[in-house]
């Protein structure tokens, strides 16, 4: 139970940071949360699937591209990760880790 509570508290900032409106969580945000849970379990394929659904539901949810890129990096799919990071940057994403992640694309 302690692990679950810790996991939920570490995921909540994702939803808060990405939330586009002040209303209840959108389907895209729910998919982001499911993707974050999969990432914590190191189930990168499942995470990618959830992040794809989130992005398809809300193309302006720029953090979705960053999170999907992290999952792609976990799968050693650097080209796909770099494409997502480039998309996030072009859409004006201001995630603090974006510049560090972009270093994976400079090789």
Note to self: Taking the conditions exactly as written (closer than 19 Å to residue 100 by Cα, out of contact with any strand residue (DSSP E or B) (no Cβ under 7 Å at 6 or more places or on another chain), surrounded by fewer than 18 Cβ atoms within 10 Å (Cβ to Cβ) and touching a residue at least 12 places away in the same chain (Cβ under 8 Å)), does residue 85 satisfy them or not?
What the structure shows: no
Check: So, in region 87-107, of the ones that are over 14 Å from the mean Cα position of the chain (by Cα) and in a helix (DSSP H, G or I), which residue ends up nearest to residue 59 (Cα to Cα)?
Finding: 90
Check: Among helices (runs of 4 or more DSSP H) lying entirely in region 23-77, which contain 2 or more residues that are surrounded by fewer than 16 Cβ atoms within 10 Å (Cβ to Cβ) and either at positive phi or out of contact with any strand residue (DSSP E or B) (no Cβ under 9 Å at 6 or more places or on another chain) (or both)?
Finding: 27-40, 44-57
Item checked: Scope region 88-99; condition without any contact (Cβ under 8 Å) to a residue 24 or more places away in the chain and either buried (at least 17 other Cβ atoms within 10 Å of the Cβ) or touching a strand residue (DSSP E or B) at 6+ places or on another chain (Cβ under 9 Å) (or both); matching residues -> 89
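Since every read-out is calculated from the coordinates, none of them should be taken as a lab result. Small disclaimer: the values here were computed from a predicted structure and weren't measured. We place every Cβ from the backbone using ideal geometry, glycine too, and count neighbours over all the protein chains shown.
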